[in-house]
1. Which value in deg cm²/dmol, rounded to the nearest 500, describes the helix-derived mean residue ellipticity at 222 nm for the protein assembly as shown, given -39,500 (n - 2.57) per DSSP H run of n ≥ 4 and division by the residue count?
2. If I take R0 = 35 Å and measure r between the Cβ atoms of A:H10 and B:K279 in this structure, what FRET efficiency does the formula 1/(1 + (r/R0)^6) give, to the nearest 0.05?
3. Identify the residues of segment A:86-110 with backbone N under 20 Å of a label point that sits 7 angstrom from the Cα of B:W21 along the Cα-to-Cβ direction, or state none.
4. Within 10 Å of each residue's Cβ, count the other Cβ atoms and sort A:T45, B:T192 from fewest upward.
5. Just to check I understand the Karplus step: with θ = phi - 60° and J = 6.51 cos²θ - 1.76 cosθ + 1.60, what whole-Hz values come out for segment B:84-90, glycine and proline as x?
6. What's the magnitude of the charge dipole for segment B:78-188 around its Cα centre, counting Lys and Arg as +1 and Asp and Glu as -1 at the beta-carbon? Answer in Debye, nearest 20.
7. Please list, ordered by chain and number, the residues whose modelled amide H lies under 5 Å from the amide H of B:K76; skip anything fewer than 5 residues away on the same chain.
8. Please report the relative contact order for segment B:100-209, taking Cα pairs under 8 Å with a sequence separation of at least 6, and give it as a percent rounded to a whole number.
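Only the coordinates and a few stated rules stand behind these numbers; no lab work does. For clarity, every value in this text was computed on a predicted model and none was experimentally measured. For neighbour counting, all protein chains shown are included, and Cβ atoms are generated from backbone atoms with ideal geometry for every residue, glycine included.
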Amino acid sequence: MSGYSIETTHLTRKFGAFTAVDGIDVKVAAGEVFGFLGANGAGKTTAIRMLCGLLVPTSGSGTVAGFDIIRESAQIRTRIGYMSQKFSLYPDLTVAQNLKLYGRLYGLGKADLKNRIQSMSDFLGLGPLLDKVTGELPWGWQQRLSLACANLHSPKILFLDEPTGSVDPVSRRNFWDLIHQLSGQGTTVFITSHYMDEVEYCHRLSIMIDGRIAAMGTPRALKTEHACASIHELFLKLMETNSLPATRSAP
Amino acid sequence: MNLRRLLAISRKEIRHILRDWQTLAVVLVMPVMMMFLYGYALNADAKDIPVMIEAPDLGPEVRTLIDKIDASQMFKVAGVIPVVDDAGELFKLYGIHALFRFPPGFSADLRRSGGAHAQVLIDGSDPNIGTMIRNAAEPMLLGATLQVMNIRQPKVLDLRSLVLYNPDQRSALFFVPGLMALILLMISALLTSIAITREKELGTMGQMLVSPLRPLEIIAGKIIPYIFLATLDGLLILVVGYLAFGVRIAGNPWLLGACSLVYVFTALSIGLMISTIAKRQQHAMFIALGATLMPTVLLSGFIFPVASMPIFLRTVSQVIPATYFLEIVRGIILKGVGLDVLWKPVAILAGEGALLTAISLRKFKVKL
């Protein structure tokens, strides 16, 4: 076992002639909050889908929680939590029913399920909402519920695909506080975003441009290395220097 | 295959079904409603069709014939007119469906040479009624005329028909199997394909695929509640068929149940197939209606006999599961036959289901 939560070697995925992810090498340590940045269509979601075992790489390899992403995706799935950019829980079920469903899917027993729902709803303040129908909650709360469902089975690694899209700044700030608390408890958080201001909260981050990783490191080191005042500035600078002349489109 | 995960999915699916009570009500009320609609609308005996008579000469023979027409169950004489100028006007004005015309000298012709001419004009705008009138008019008038003239027809051929399996030709025996084929297909193919595409639309399908769930567990878990719903509707049709229309099952009811489950399996495989193609619920609904319900109603032999179809449509009807299911249900309910006779349609249904399921599961995995 490599000791890294996530490790990829020349991970590549092609869709026909289009290379969505082009030989990326990423290493993420346990308990780290890793920001996986890039513009829309840069290949972030494709990379996450490969790490979660939803998509088979064209070439290259990788491990997640020490398991091979091609051959051992079943083992990986029990150890990760995934929250997609789109709200994807059942709007017609209550908050408690959604939580119970996900707990059962991950094999939590009755007692475990009860404890975890209790501690997750304490942690995220969902307690008073347990019997409310999910679809009637405001966005911010739906998103917290998504996080609760993804985290209910205490995964080693949380994949958050643009979790803060269309959320107001205060909720976003709260969300990052939650993420750091989880990281403090030893959960690795792999988060994609295109909000360049918030990713300063990450321990380390990578910037993906046209399927390749253009820069990787701690926010501070990256800014110093490229002489930029902010990650936002760095991102624009990298976009100018690294972009291919041909326009690319997402698959 | 993990039973706990599968049951978690089923439990959730049942919640969706119960939460959406309007759909549930439609699913439970519709079969009963359709049975009563078919039961009364399909009644083949037309009664008291309004007709008129044109008779310039009202001799005793003609008068007797008019009385016979009026006394028949089928016709009701709305009026007798000596001379009709514009027959079309009569049809439009009085809403009659036929006009019997006895020319002047009809009675005299009958008496003299023993051969007279008459005419019947038939409203063909409703082909069913038109055909019925045409088939009934000649034998009825001929019989009445012979009676009037006291002629006994010499016996040349005595053909006696005896109808087996449905001696009274009751339409309930005909539509109960058809409705079973239709309703079971609707629940299994239409509702499941919608339920699966809904998860795609919601994004919950992706969420489940990153969990330890296997595709087979997701599908089986979602399908199980619909199998129960289909069973419930099947029973409902049989119970209402028995109580309201007196339809008894001549054969083994357990065999009927088992064969129905095979048919449900085939229908589910169609639903699965549709959900691998459709991206949206509406999309799934239109494919399901077009690809399953329409051919079932029109081509399975439910309403129109397969034997009278052109070869191309007959070939199509050979692929439709309902064609075989109808054969099975009619066989068990009406004839009381067993698996020794019905093994072939059962095997075809099972084979079609297995093939479609295999293809769909493959497509489901390839998508990943």
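1. Numbers: 24 runs with 324 residues, N = 619.
The helix-only estimate for the protein assembly as shown comes to -16500 deg cm²/dmol at 222 nm.
2. Numbers: r = 33 Å, r/R0 = 0.95.
According to the calculation, E is roughly 0.60.
3. Zone members listed by number: A:91-95, A:97.
4. Details: A:T45 23, B:T192 29.
Listing A:T45, B:T192 from fewest to most nearby Cβ atoms yields A:T45, B:T192.
5. Karplus values, whole Hz, x for Gly and Pro: 9, 7, 10, 4, x, 4, 4.
6. Details: 9 positive and 9 negative charges, 101 e Å.
Around 480 debye, computed over segment B:78-188.
7. Result for B:K76 returns B:I49, B:V51.
8. On the way: 31 pairs, mean separation 12.0, N = 110.
Reported as a whole number, the value is 11 percent.
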